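This report concerns only the one structure given below.
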Amino acid sequence: MMVRTSESRAIARITPRTMARTTSFCRTAIWLLHGRRLGQSSVLVRLHQTRGSPMPITTEGGMTRLFRRGSRRFQSLLVRTMFLCLIACGQVGEANAKGIAMKTNEMTLWQVVEAVTRQIPFTREKIELSFSAKLKEVDQNSYTVFYTGGGVPLANGVLISTIDLRLGREVGDSYAFLSIGLSGGCVSLGDVRAHFGPLEITETPRGRSLDEKTYHTTRLAWGELSFGFAERNPSCLALIVFDPKKPE
């Protein structure tokens, strides 16, 4: 989904610092309404008084309160402050999410592959963050939990149509396997070799289905990275498989 230019500029201004400041402001505003600190409450009093409008103040136990807690005016102001803060935080969070999605749309397949390999050892949370996509648990057995997702657009018309993540079920089990299925823009074997150099053919079709693939594999420090080209369309990359080594 494309983001309009004006919206993009607004998103660009929203950073983690902005989100933190918005949250901090909301907490402080509500806190000060309760008058927990004399010094900070007095700042609001002085600010209000400089504008020529008196502010009703009550003092309890040596601490300044802007309004009596039980008063209708206090309750109304507190509710409105909380409501406005919720809206502001929600808008910041939504815009930040759009910014992440827009960044993913602009990434090339090779940038995604590099980003994913940096997430080894894999976890569900790391993969969801890498693809800006939610994964759904679809099955499990005694040893493995299966997650799937997809629908992640990349640059040059490439679409990650499927994400298949498999993780060891037991605590401390380091087993992990990830594959991503591709569609849309065609990525050729020449494109793959241009980024990863010579590749070894590790599996070939057996003539049982047009969906069977020829896998071209490179062995890296973290494990094996394989690129599958299906018989149905042998000129275009159909699947990428990340197979990390098990820790020794």
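Just a few scattered comments:
- Taking amide H atoms as placed 1.01 Å from N in the peptide plane, the amide H of Gly150 lies under 5 Å from those of Ile163, each 5 or more residues away in sequence or on another chain.
- Near the amide H of Gly223, within less than 5 Å, lie the amide hydrogens of Lys245, all on another chain or at least 5 residues away, with H placed in the peptide plane.
- Debye, to nearest 20: dipole size of the range 109-244, +1 on Lys, Arg Cβ, -1 on Asp, Glu Cβ: 140
- When the range 142-214 is described by a simple charge dipole with +1 on each Lys and Arg Cβ and -1 on each Asp and Glu Cβ, the residue from Ser188, Leu178, Gly207 located farthest towards its positive end is Gly207.
- Rg to Rh, two decimals, where the range 109-244 supplies the alpha carbon set and Rh follows Kirkwood: 0.95
- Note, ³J(HN,Hα) from phi for the range 119-124, Karplus 6.51, -1.76, 1.60, rounded to Hz, x at Gly and Pro: 8, 5, x, 6, 9, 4
- Alpha-carbon centroid distance for the pair the range 201-248 / the range 170-189, whole angstrom: 10
- Kirkwood Rh and Cα Rg combined as Rg over Rh, evaluated for the range 166-248: 1.02
Throughout, read-outs are computed from the coordinates displayed, never taken from laboratory work. The structure presented is a predicted model; accordingly, all values stated were derived computationally and were not measured. Glycine also receives a Cβ, built like all others from the backbone with ideal geometry; neighbour counts cover every protein chain displayed.
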